[in-house]
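The values are calculated or read from the model by the stated rules, or taken from the named source; none is laboratory data. The shown structure was predicted, so the numbers you read here are calculated from the model rather than taken from an experiment. As a convention, Cβ positions derive from the backbone with ideal geometry for all residues, glycine included, and neighbour counts pool all protein chains shown. Heads up: the accessible areas ignore ligands, DNA and RNA and are worked out on the full protein's heavy atoms, side chains in. Shrake-Rupley method; radii C 1.70, N 1.55, O 1.52, S 1.80 Å.
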Amino acid sequence: MKKIAVLTSGGDAPGMNAAIRAVVRVGIDKGLQVMGVRRGFSGLINGEIFEMDRHTVSDIIQRGGTILRTARCEEFKTEEGRKKAANVLKVFGIDGLVVIGGDGSFTGARLLSKLGVSTVGLPGTIDNDLSYTDYTIGFDTALNTVLDAINKLRDTSTSHERVSIVEVMGRHCGDIALYAGVAGGAESIIVPERDFNVDELCKTILSGRLKGKMHNLILLAEGVGGAEELAKHVEEMTGIETRATILGHIQRGGSPTAFDRVLASRMGAKAVDVLLEGKSSRVIGSKDGKIVDEDIDEALSIPRSFDEELYQIAISLS
Ligand code: ADP
């Protein structure tokens with residue numbers, strides 16, 4: 001292993017830059033030549049590849065987004081597209097590839113490794129929807145962004161004695177809603193992993209009012225959908241003014257938290273070590289406080305788990 005490359009793919013996440021920096025600097029420190037690929041798999045197919053040195057990654061640890069840019073690439077979903085990408089890597093003399101992204105990007109990396117390319121995946125996604133790892137890079141930052149928004153909404157909804165429904169990201173995974181709901185003291189948390197009943201929700205809101213609650217904060221994961229409709233429905237049923245706030249893409253941006261920077265740095269360093277050990281088709285994760293590597297097929301086949309214990313605590317606390 002003499003020359004490796006790094007790319008970011010799919011949805012961006014705060015901390016991707018810290019991960020790129022770690023791959024580049026640890027790689028160089030261990031005697032490797034490190035290349036950057038722009039625009040994910042799309043840039044790989046098009047040969048958008050350049051050499052990175054220690055200075056290329058100066059002053060980026062605190063920045064959100066990704067200096068390598070990211071993209072979604074339909075061509076890569078075809079065998080022909082992946083063969084082109086594998087050829088480009090061969091032409092550039094690249095022996096190993098680090099893919100920073102979510103489950104879609106990991107599927108791409110897994111298929112590329114079947115063509116003989118040594119690949120290692122780093123989990124860069126705000127959703128925390130990869131079961132093999134306790135945390136993904138970007139989740140903690142997104143959580144804190146949501147928390148900041150909740151704190152502000154709480155002020156105004158208390159003043160107006162309103163119900164506030166906050167829709168956060170998470171199509172299949174309710175972790176952002178669950179963790180932000182607990183941290184922000186939400187009265188109700190609605191996630192795709194658990195059924196919810198709108199009549200029960202309205203009952204909770206009304207009994208809260210009778211107990212003297214001046215506001216009501218509801219966290220809704222986008223996978224459940226329809227914050228606006230839910231707000232309308234709750235307002236009609238309870239007679240209490242109800243507002244929906246959809247946080248959207250602001251959850252993807254911002255300076256990464258210390259937690260995400262350290263996680264990305266440790267995972268980036270581990271990715272280089274794994275390639276140097278001659279392993280391929282691996283993903284890096286965090287398990288019980290340790291940075292580990294796992295087979296990509298096994299990691300992707302683990303069913304999504306939901307933190308029932310935390311969900312029950314949230315119910316008790318509301
Ligand atoms: P994320 O990595 O954040 O989950 P996507 O699901 O959009 O984001 O995937 C990012 C890219 O990974 C896609 O644009 C595509 O190039 C590649 N990819 C996703 N799914 C597959 C697949 N089934 N086969 C091959 N490549 C895939």
The ³J(HN,Hα) series, computed from each phi in the range 240-253 with the Karplus coefficients 6.51, -1.76 and 1.60 at θ = phi - 60°, rounded to the nearest Hz and given as x for glycine or proline, is 9, 4, 10, 10, 9, 10, 9, 6, x, 5, 4, 5, 8, x
What whole number of Å gives the distance from the Cα centroid of the range 249-316 to the Cα centroid of the range 115-131?
9
Kindly give Rg over Rh for the range 82-182, based on alpha-carbon atoms, with the Kirkwood expression for the hydrodynamic radius.
1.21
Using R₀ = 41 Å, calculate the FRET efficiency as 1/(1 + (r/R₀)^6) where r is the Cβ-Cβ separation of Ser316 and Glu241; round to 0.05.
0.90
Cross-link reach list, aspartates and glutamates versus Lys211, counting only Cα pairs under 20 Å and skipping chain neighbours closer than eight places:
Asp155, Glu161, Glu187, Asp199, Glu200, Glu235, Glu241
From most to least accessible, 1.4 Å probe, no ligand or DNA/RNA atoms counted, Lys290, Lys270 line up as Lys290, Lys270
Between rounded, prolate and oblate, where does the range 1-43 land on the alpha carbon gyration tensor, with a ≥ b ≥ c its root eigenvalues, rounded for a/c under 1.5, else prolate if a/b exceeds b/c?
oblate
Mean separation of Cα contacts under 8 Å, 6 or more apart, over the residue count of the chain: relative contact order %:
23
The helix 198-210 Cα axis meets the longest alpha-carbon principal axis of the chain at an angle in degrees, between 0 and 90 and rounded to 10, of 60
Karplus 3J(HN,Hα) series, Hz, for the range 296-310 with 6.51 cos²θ - 1.76 cosθ + 1.60 (x for Gly, Pro)
5, 5, 5, 4, 6, 8, 6, x, 5, 10, 10, 7, 4, 4, 5
Quick check: from the Cα gyration tensor, does the range 208-318 come out rounded (a/c under 1.5), prolate or oblate?
prolate
Checking Ser265, Ser118, Ser301 against a Gaussian network model of the chain (alpha-carbon springs below 10 Å), the top fluctuating residue turns out to be Ser301
Stokes-Einstein diffusion coefficient of the range 1-128, Kirkwood radius over Cα pairs, 20 °C, 1.002 mPa s, in µm²/s
151
Could you pull the Rg and Dmax for the range 173-213, using just the Cα atoms, both in Å?
11.4, 33
Collect residues whose amide H, placed 1.01 Å from N in the peptide plane, falls under 5 Å from the amide H of Thr119; neighbours closer than 5 in sequence don't count.
Leu97, Ser281, Arg282
Sorted by accessible area (1.4 Å probe), largest first, how do Lys213, Lys30, Lys3 line up?
Lys30, Lys213, Lys3
Ranked by GNM mean-square fluctuation in the chain (Cα springs under 10 Å), the top entry among Thr242, Thr136, Thr158 is Thr158
Largest first and in whole Å, what are the equivalent-ellipsoid semi-axes of the range 139-252 based on the Cα gyration tensor, each being the root of 5 times an eigenvalue?
21, 16, 12
Take the alpha carbon atoms of the range 6-26, find their center, do the same for the range 49-64, and report the distance between the two centers in whole angstrom.
9
Debye equation applied to the C-alpha atoms of the range 262-307, log10 I(q)/I(0) at 0.14, 0.28 Å⁻¹
-0.36, -1.08
Among Arg282, Arg171, Arg209, whose mean-square fluctuation peaks in a Gaussian network model of the chain (Cα, cutoff 10 Å)?
Arg209
When only C-alpha pairs under 8 Å and at least 6 residues apart count, what is the relative contact order of the range 139-252, in percent?
39
For Ile246, other-chain or 5+-apart residues with amide H closer than 5 Å (H placed, Pro excluded) are Glu167
For the range 22-92, listing GluC sites (Glu not before Pro) in a DSSP loop whose Cβ sees at most 12 other Cβ atoms within 10 Å gives Glu74
Kirkwood-based shape ratio for the chain, expressed as Rg/Rh from alpha carbons
1.05
